Amino acid sequence: MSLFPSLGDKPHLGAVFQAFPDAVKPLLAYHDVLLRGDSPLSIAEREIIATYVSGLNACTFCFGAHKIYAKVFGVEEGLIDAMMDNIDTAPLPAKLKPLLVYVKKLTVLPARIKDADAKAVYDVGWSERALYDAVQICALFNFMNRIIEGTGVTFDYAHTPPTDAEMNARRTRSYMDFGRELGIID
C-alpha cells in the first residue's frame, strides 16, 4: 500500500499537486521567484544548493530533478556526485563552499547556526542577500523534501531520465508552466 492510496503505486509530484491543488499556485510562484528571479546567486548556484539540500535529506525525487536542472544550467554531473561524497574535497569554486556548509548546517543542525557560520560566507565575498537567498532555497527544499517523502512520491529520475528535448525545455520552463501543464493553474 502507498502512503496516499489515491495517488497510485509510484506517484510523481504532479499527482500530488493534482490531488491537492489549493496551495500549488503560490508555491510554484515562489519557486519561480526564488530559483529563476533576480539574485546574486546564479541559477546554476541555486540549483546546486537545491540539489545539495535534497541529497542531504536523501530525497531521491528532488535530488534527481535538481541534478538535472543543475546540468541544464552548466554544472558538471560529476561535480554534484563529488559534492555529495565530500564537500571539502569536491572541485567546487571556493566561494561556494561556505554557502553549502551553511545550508548543510541549517538542514541538519539548524539550532546550531552561529555568527561564525555567516561570517565565513561574508568573508568570501557574498552579500547578505546572497546568504538570505541560500537560506530560502534551503528552507524551500527542506519543505519540498518533506512533501515528497510524506506523500510517498517514488518517481526517481535516475531510473527515468528525461529525453534531450525535455532537458532543453527545462532551460526556459517555469514552475508555473508545470502547474499549467498539470491543468491546475490558468
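When the stretch 31-41 is limited to residues that are surrounded by fewer than 22 Cβ atoms within 10 Å (Cβ to Cβ) and either free of Cβ contacts under 8 Å to residues at least 12 places away in the same chain or in a helix (DSSP H, G or I) (or both), the one that is farthest from the chain's Cα centre (by Cα) turns out to be D38. Just one of the numbered conditions (1) within 21 Å of T60 (Cβ to Cβ); (2) in contact with a Gly (Cβ under 8 Å, 6 or more places away or on another chain); (3) not polar (S, T, N, Q) is not true of K25: (1). Given the criteria among the β-branched types (V, I, T), touching a residue at least 12 places away in the same chain (Cβ under 8 Å), surrounded by fewer than 17 Cβ atoms within 10 Å (Cβ to Cβ) and closer than 30 Å to S2 by Cα, does V124 qualify? For V124, the condition - among the β-branched types (V, I, T), touching a residue at least 12 places away in the same chain (Cβ under 8 Å), surrounded by fewer than 17 Cβ atoms within 10 Å (Cβ to Cβ) and closer than 30 Å to S2 by Cα - is not met. When A50 is evaluated against the numbered criteria (1) surrounded by fewer than 16 Cβ atoms within 10 Å (Cβ to Cβ); (2) at negative phi, which criterion, by number, is the only one it fails? Tallying (1) surrounded by fewer than 16 Cβ atoms within 10 Å (Cβ to Cβ); (2) at negative phi, A50 fails exactly one: (1). Residues of the stretch 42-64 that are touching a Leu at 6+ places or on another chain (Cβ under 8 Å) and either in a loop (DSSP other than H, G, I, E, B) or of a type outside the set (F, W, Y) (or both): I43, E45, R46, E47, I48, I49, A50.
Checking each residue in the stretch 155-186 for being within 16 Å of F63 (Cα to Cα), surrounded by fewer than 17 Cβ atoms within 10 Å (Cβ to Cβ) and not acidic (D, E) picks out Y157, A158, H159, T160, P161, P162, M167, R170. If you check E181, E149, E128 for being under 16 Å from the mean Cα position of the chain (by Cα) and among the charged types (D, E, K, R), only one passes: E149.
Applying the set (1) closer than 28 Å to D164 by Cβ; (2) without any contact (Cβ under 8 Å) to a residue 24 or more places away in the chain to Y69 leaves exactly one unmet item: (2). Output yes when any residue across the stretch 157-174 is on the phi < 0 side of the Ramachandran plot and in contact with a Leu (Cβ under 9 Å, 6 or more places away or on another chain), and no when none is. Yes, the stretch 157-174 contains at least one residue that is on the phi < 0 side of the Ramachandran plot and in contact with a Leu (Cβ under 9 Å, 6 or more places away or on another chain). Taken over the stretch 77-131, the criterion of being part of a loop (DSSP other than H, G, I, E, B) and not aliphatic (A, V, I, L, M) is satisfied by N86, D88, T89, P91, P93, K95, K114, G125, W126, S127.
Selection within the stretch 1-14: residues that are in contact (Cβ under 8 Å) with a residue 24 or more places away in the chain and part of a helix (DSSP H, G or I). The member of this set that is farthest from I184 (Cα to Cα) is L7. The listed residues are A118, A58, A44, and the only one of them that is surrounded by fewer than 19 Cβ atoms within 10 Å (Cβ to Cβ), without any contact (Cβ under 8 Å) to a residue 24 or more places away in the chain and touching a Phe, Trp or Tyr at 6+ places or on another chain (Cβ under 9 Å) turns out to be A118.
Condition check for A134 on (1) under 16 Å from the mean Cα position of the chain (by Cα); (2) at pLDDT below 95; (3) surrounded by 17 or more Cβ atoms within 10 Å (Cβ to Cβ): one failure, at (2).
The values are calculated or read from the model by the stated rules, or taken from the named source; none is laboratory data. Predicted model, so just to flag it, every value in this text is computed and none were measured. Note that we place each Cβ from the backbone using ideal geometry, even for glycine, and neighbour counts take in every protein chain shown.
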